[in-house]
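The values are calculated or read from the model by the stated rules, or taken from the named source; none is laboratory data. Every value quoted in this text rests on a predicted model; they were computed, and no experiment measured them. Here the Cβ positions follow ideal geometry from the backbone for every residue, glycine too, while neighbour counts run over all protein chains shown. Surface accessibility is based on the protein's heavy atoms, side chains included, excluding ligands, DNA and RNA. Shrake-Rupley method; radii C 1.70, N 1.55, O 1.52, S 1.80 Å.
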Amino acid sequence: MPKHIGIVACSAEGAALCYRTICTEGAQFMGEHDHPEVSMHTHPLAAYVKCIYRSDWNGVGDLMLSSADKLAKIGAEFLICPDNTLHQAMPYVRPRSPLPWLHIAEVVAEDAFARNFRKIRITGTKYLVDSDVYPEKLTARGFEYIRPGDDERDAINSIIMEELVYGIFKPEAVGYLQKVIGRMKEQGCDAVVLGCTEIPLLMNDSNSPLPTLDSTRLLARAALKHAL
C-alpha cells in the first residue's frame, strides 16, 4: 500500500498547489483518479507570520510540530511542508518530530543536479533569501548560487506577502520577476529556484528567462515517489 502523506501547510495557495499536484499526478503511477492517501493540517498563517517577523524559528518549529503530531495521530507516515521559509526551523523540527520529513531544498537541489545546472538563482521571501536553507543544500551538491539584491528581496517579498498568498496574481508581478530573473541570466545563472511555493502560480518555463526549479511541484512529486 502507498504511504500516507502528511502535509504541514502554511499559506493556502502554495499548499493547495502541492496537494493538487499530488492528487492529479498520482494517476500517472497508480491508475485513473488514484493517488496516495493525503492529510493536511495548517495553523493560521498569522501565527506563523508573527513568529517569522520576530525571527522566532523555534516558535515556527513548535507550530510545525503541533501539525505533525495531529497528522501522525490520523495515520500519516511521513511529512512534507510546502513552504520554503518555514524550513529555517527544520534543524529544530526534525529531531523532535514523530515522523520523518522530506526537505524541500534537498529535493530542489537533487533535481538541479540531475539536470546538470551549475549556477542557481534563488528567489523567495526575504526571510528565505536571507537564510541558509538553499545555500546549504546547493553548496552540498557543488552549485554556485546568487541571491537577489536588497531592493529585489523587498519587492519580491511584497509581491508574495501582499498578493500571492491572497490569490492575487498581477501581470506587473510577472513582469518584475522576469526582469529580475533576466538580470541573473546575464550574470551567468543557468536556472532559478522558485523558492516561494506561490511563485510557480506566476512563473514557469514558458515565461521565465531561465529554466525554473519549481519547488512546490518538485516537493509534491518527491512525496509521490516516496509514498510509492
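For Ile52, which of the numbered conditions (1) of a type outside the set (D, E, K, R); (2) closer than 20 Å to Leu218 by Cβ; (3) touching a Phe, Trp or Tyr at 6+ places or on another chain (Cβ under 7 Å) fails to hold?
Of everything listed in (1) of a type outside the set (D, E, K, R); (2) closer than 20 Å to Leu218 by Cβ; (3) touching a Phe, Trp or Tyr at 6+ places or on another chain (Cβ under 7 Å), Ile52 misses just condition (2).
Give the residues of region 103-156 that are of a type outside the set (S, T, N, Q), touching a strand residue (DSSP E or B) at 6+ places or on another chain (Cβ under 9 Å) and without any contact (Cβ under 8 Å) to a residue 24 or more places away in the chain, sorted by residue number.
Pro135
Given the criteria hydroxyl-bearing (Ser, Thr, Tyr) and touching a strand residue (DSSP E or B) at 6+ places or on another chain (Cβ under 7 Å), does Thr212 qualify?
yes
Tally the residues that are of a type in the set (Val, Ile, Thr), within 23 Å of Leu86 (Cβ to Cβ) and either part of a helix (DSSP H, G or I) or open to solvent by 10 Å² or more (accessible area, probe 1.4 Å) (or both), restricting the search to region 1-33.
The qualifying residues number 2.
Within region 96-105, can one find any residue that is hydroxyl-bearing (Ser, Thr, Tyr), modelled with pLDDT of 95 or more and either assigned to a helix (DSSP H, G or I) or under 27 Å from Leu164 (Cβ atoms) (or both)?
Within region 96-105, none of the residues are hydroxyl-bearing (Ser, Thr, Tyr), modelled with pLDDT of 95 or more and either assigned to a helix (DSSP H, G or I) or under 27 Å from Leu164 (Cβ atoms) (or both).
May I ask you to list the residues in region 110-137 that are part of a strand (DSSP E or B) and surrounded by 21 or more Cβ atoms within 10 Å (Cβ to Cβ)?
Ile120, Arg121, Ile122, Thr123
State the number of residues belonging to region 44-76 that are surrounded by fewer than 16 Cβ atoms within 10 Å (Cβ to Cβ) and assigned to a loop (DSSP other than H, G, I, E, B).
The total comes to 6.
Restricting to region 138-152, and then to whatever is of a type outside the set (S, T, N, Q) and open to solvent by 40 Å² or more (accessible area, probe 1.4 Å), can you tell me which residue is nearest to Tyr176 (Cα to Cα)?
Checked region 138-152; the qualifying residue nearest to Tyr176 (Cα to Cα) is Asp151.
So, in region 77-92, of the ones that are touching a His at 6+ places or on another chain (Cβ under 9 Å) and part of a helix (DSSP H, G or I), which residue ends up surrounded by the most Cβ atoms within 10 Å (Cβ to Cβ)?
Here the answer is His87.
Answer with yes or no whether Ile160 is over 21 Å from Val60 (Cβ atoms) and outside any strand (DSSP E or B).
no
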